[in-house]
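Quick notes on the structure that follows.
The values are calculated or read from the model by the stated rules, or taken from the named source; none is laboratory data. All of these numbers come straight from a predicted model, not from anything done at the bench. Cβ placement follows ideal geometry from the backbone for every residue including glycine, while neighbour counts extend to all protein chains displayed.
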Amino acid sequence: MTPNPITRRFADLRARNRRALVCYLTAGHPDEDRSIELLRGVAAAGADIIEVGIPFSDPLADGPVIQASSQQALAQGMTFDRALALIAKAGVTVPVIIFSYLNPLLAAGPDALKRAAAAGASGVLVTDLPVGADPPREAWLGDSRLAFIRLVAPTTPSDRMAEIAHHGSGFVYLISRLGVTGARAELPPELPDTVARLRAATTLPICVGFGIARPEHAASVARVADGVVVGSALVEAAGRSVDDAIAFTSGIRHGLDATL
Amino acid sequence: MTTLAHRDRFGIFGGRYVPETLIPALDELDEALDAALRDPAFTAEFDDLLRNYVGRPSPLSTAPHFSTRVAAPVYLKREDLNHTGAHKINNTIGQALLARRMGKRRIIAETGAGQHGVATATICARFGLECVVYMGEEDMRRQELNVFRMRLMGAKVVPVLSGTRTLKDATTEAIRDWVTTVNSSHYIIGSVVGPAPYPRMVKEFQSVIGREARAQMLERAGRLPRTVVACVGGGSNAMGIFTGFVDDPDVELVGVEAAGEGLDSGRHSASLARGTPGVLHGAYSYLLQDAAGQVHPAHSISAGLDYPGVGPEHSNLKDSGRATYVAVSDAEALAGFQLLSRCEGIVPALETAHAIAWVDNQAGRWAADEPVLICISGRGDKDVAQVSALGVAGA
Ligand SMILES: Cc1ncc(COP(=O)(O)O)c(C=O)c1O
């Protein structure tokens, strides 16, 4: 079996001593056509992995920017399968991760993950399915062809970090701070310690997200982790224009590479 | 691995579908709850507050005129006579005591009708805790009196402008606050909803309703009720009273949901009657949603029932057939509101009025010696302005 494209991407980055840039975009935001342009543009501007958010009516882990982008996409009829169609049409060569709340994923049916893989997705991440919450559904996700990316929070005790990593694949997504998604001015000071705790618990690559908004944030994360995730700040730029989103992505890419 | 204990699954329902950040806090809460329930000092303080601050036990009233109408003896469990005017205070006292034990001095709550917000603000004032209540803008308009009461007692009421601006969005916003402040805050959920251990914990604190009512029925009616009826929003007053009778196979349990403008209108809150299983606010339960898994906005004339989800244990009671769930429209509830006021001199909350209306609709269903027990979950003072603006009550 060939390794998952996400795993290959990290191996390749490691060989070149580079850090991963993971970009989050809400499917169908600001509309379907621009969503496709954004996927292509962000990939070309240096994203290593793209997370495509399936919009949900009640995104309780998200701040105002991603909430608004989800509402806008839903108002235009975005669904799980239209998001897959959009991914297939964009045809980007970087790995794509389906980023979803559990409910729309369940509603998409038992073969949702097969359809996602067929559309070209390489991974899946579910914001509201913590390790141990629902073993049968976690097995459904873990046994699919997609990498199953799990989340670790700053509140997670070290022994649970190991358990989370054990039940995930691809990489571990470290939530940088308490709270919902949203751009912030500063990184939390305890971040390097949290990364070190997680490092001791897993050999999977570690990507840090929540609040990463500036090239200097990317630069400081690059010193400790294997990658950064940018979400709200990118979605905000995407709401202005595709060009702004591309410029923003290039800026983060630059920040990420500058220190190495 | 840490999988959920069996007691937090109700058949296939329940669970803990929340962001990872909250898991340690839910574990802590779970342990604190277990320890508290084993600690005689905790139960003694809880019981003392229920007796001497809330005014428990709440009375069981007969309803002579209403009984004549439905041709069966009707008994009313008077949670409306509790301090703050509804059953909600039972739960907020239990949870505030727990928060204090856990050293959390900031309390978050969501509210629909404002009764849970008022009950939370009340106990926070009593315990000297900081209190932040999230309330949909639409509900702040419908339940202005309760907004005033919360502020009077020192709570901060935060208007929620997202989505339908009602209970669902207030709950989402409260969870967002909690994810951000989890180390210092406790989130007091107002019903038997949310991630484990909330449904079990809120039931535990509301079970006093059923315990008292069962003893009172045996003493006053000399038998158990044939039917126990309660309105269902999230389902806490219903779960509280059902718990007293769930092991009595001859007692029928009926939950009354809000049919809003009609079950076929698309504008109702009947999650059990018309929903399908899904995940909202941390639990797997019946839910109003579309085929794509997007939550469908609920509607009810009563802010406290205006919620697209329902407690997971109710979903299991429905599927197992142990309880029956029915629905009553806005118009029928308004009639029930007037009816109990006129014939018994008790102005019920609009939520409770749904339970009254269903019993009234069922006149003739019971034999003359089969008692019907209704949970009067709250009083209607908060609804008087809204109802009179509809031009109804004075008619
Ligand atoms: C008086 C009253 N009854 C019932 C409810 C519905 O809640 P639950 O179904 O949890 O009892 C509310 C909620 O605000 C209420 O205020």
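Against the numbered list (1) more than 13 Å from the ligand (Cβ to nearest atom); (2) at pLDDT below 95; (3) closer than 25 Å to residue B:190 by Cβ, residue B:317 comes up short only at (2).
Scoring residue B:293 on the criteria (1) within 16 Å of the ligand (Cβ to nearest atom); (2) buried (at least 24 other Cβ atoms within 10 Å of the Cβ) leaves a single failure, condition (1). Within segment B:151-187, the set of residues being at the interface with chain A (Cβ under 9 Å from one of its Cβ atoms), part of a loop (DSSP other than H, G, I, E, B) and more than 18 Å from residue B:305 (Cα to Cα) comprises B:162, B:182, B:183. The set of residues in segment A:1-31 being surrounded by fewer than 19 Cβ atoms within 10 Å (Cβ to Cβ) and either of a type in the set (Asp, Glu) or closer than 13 Å to residue A:90 by Cα (or both) consists of A:12, A:31. Across segment B:206-219, the number of residues qualifying as crowded, with 22+ Cβ neighbours inside 10 Å and closer than 20 Å to residue B:44 by Cβ comes to 3. When the criteria are applied in full, residue B:234 meets the requirement of being within 11 Å of the ligand (Cβ to nearest atom), in a loop (DSSP other than H, G, I, E, B) and over 18 Å from residue B:63 (Cβ atoms). Scanning segment A:156-185 for residues that are surrounded by fewer than 22 Cβ atoms within 10 Å (Cβ to Cβ), at the interface with chain B (Cβ under 8 Å from one of its Cβ atoms), modelled with pLDDT of 95 or more and part of a loop (DSSP other than H, G, I, E, B) yields A:157, A:167. If you go through segment B:345-367 one residue at a time, do you hit one that is within 13 Å of the ligand (Cβ to nearest atom), part of a loop (DSSP other than H, G, I, E, B) and under 30 Å from residue B:169 (Cα atoms)? Checked against the condition, which is being within 13 Å of the ligand (Cβ to nearest atom), part of a loop (DSSP other than H, G, I, E, B) and under 30 Å from residue B:169 (Cα atoms), segment B:345-367 yields at least one hit. Please go through segment B:3-26 and give me each residue that is part of a loop (DSSP other than H, G, I, E, B), at pLDDT 95 or above and either more than 24 Å from the chain's Cα centre (by Cα) or not β-branched (Val, Ile, Thr) (or both), ordered by number. B:11, B:15, B:16, B:17, B:19 - these are the residues of segment B:3-26 that are part of a loop (DSSP other than H, G, I, E, B), at pLDDT 95 or above and either more than 24 Å from the chain's Cα centre (by Cα) or not β-branched (Val, Ile, Thr) (or both). Counting only residues that are more than 15 Å from residue B:190 (Cβ to Cβ) and in a helix (DSSP H, G or I), segment B:57-97 holds 10 of them.
Against the condition at pLDDT 95 or above and not in a helix (DSSP H, G or I), how does residue B:374 come out, does it pass? I'd like the intermediate steps shown before the answer.
Working: at pLDDT 95 or above: yes; not in a helix (DSSP H, G or I): yes.
Considered against the rule, which asks whether it is at pLDDT 95 or above and not in a helix (DSSP H, G or I), residue B:374 comes out as yes.
If you go through segment B:241-269 and pick out every residue that is closer than 20 Å to residue B:319 by Cβ and in a strand (DSSP E or B), you end up with 6. Taking the numbered list (1) more than 14 Å from every other protein chain (Cβ to nearest Cβ); (2) buried (at least 19 other Cβ atoms within 10 Å of the Cβ); (3) small (Gly, Ala, Ser) in turn, residue B:266 passes all entries but (2). Report yes if some residue within segment A:244-260 is among the polar types (S, T, N, Q), in contact with a strand residue (DSSP E or B) (Cβ under 6 Å, 6 or more places away or on another chain) and part of a loop (DSSP other than H, G, I, E, B); otherwise report no. Within segment A:244-260, not a single residue is among the polar types (S, T, N, Q), in contact with a strand residue (DSSP E or B) (Cβ under 6 Å, 6 or more places away or on another chain) and part of a loop (DSSP other than H, G, I, E, B).
Residue by residue, here is whether (1) within 22 Å of residue B:296 (Cα to Cα); (2) touching a helix residue (DSSP H, G or I) at 6+ places or on another chain (Cβ under 9 Å) holds:
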position: A:96; (1), (2): no, yes
position: A:101; (1), (2): yes, no
position: A:107; (1), (2): yes, yes
position: A:111; (1), (2): no, no
position: A:117; (1), (2): no, no
position: A:121; (1), (2): no, yes
position: A:128; (1), (2): yes, yes
position: A:131; (1), (2): no, yes
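Consider segment B:275-325. How many of its residues are of a type in the set (Val, Ile, Thr) and not in a strand (DSSP E or B)? Lay out the reasoning, then the answer.
In the first step, residues of segment B:275-325 are kept if they are of a type in the set (Val, Ile, Thr); the result is B:276, B:279, B:295, B:301, B:310, B:324.
Narrowing the set further to residues that are not in a strand (DSSP E or B) leaves B:301, B:310.
The number of residues fulfilling the criteria is 2.
In this structure, is residue B:122 assigned to a helix (DSSP H, G or I) and either of a type in the set (Asp, Glu) or away from the ligand (no atom under 16 Å from the Cβ) (or both)?
Numbers: assigned to a helix (DSSP H, G or I): yes; either of a type in the set (Asp, Glu) or away from the ligand (no atom under 16 Å from the Cβ) (or both): no.
The answer is no for residue B:122.
Please determine whether any residue of segment B:91-101 is out of contact with any helix residue (DSSP H, G or I) (no Cβ under 6 Å at 6 or more places or on another chain) and either under 17 Å from residue B:241 (Cα atoms) or within 16 Å of the ligand (Cβ to nearest atom) (or both). Yes. Of all residues in segment B:214-231, exactly one satisfies the criterion of being within 20 Å of residue B:88 (Cα to Cα) and either of a type in the set (Lys, Arg) or away from the ligand (no atom under 16 Å from the Cβ) (or both), namely B:214.
Of all the residues that make up segment B:237-264, how many are more than 14 Å from the chain's Cα centre (by Cα) and near the ligand (Cβ under 10 Å from one of its atoms)? Please lay out each step first, then the result.
Looking only at segment B:237-264, we keep the residues that are more than 14 Å from the chain's Cα centre (by Cα), and these are B:244-254, B:259-264.
This time we only want the ones that are near the ligand (Cβ under 10 Å from one of its atoms), so: none.
Counting residues in segment B:237-264 that are more than 14 Å from the chain's Cα centre (by Cα) and near the ligand (Cβ under 10 Å from one of its atoms) gives 0.
Among the helices (runs of 4 or more DSSP H) lying completely within segment A:39-131, list those that include at least 3 residues that are touching a Gly at 6+ places or on another chain (Cβ under 6 Å). It would help to see each step written out before you state the result.
Values: elements: A:64-75, A:80-90, A:102-107, A:112-118.
So the answer is A:102-107.
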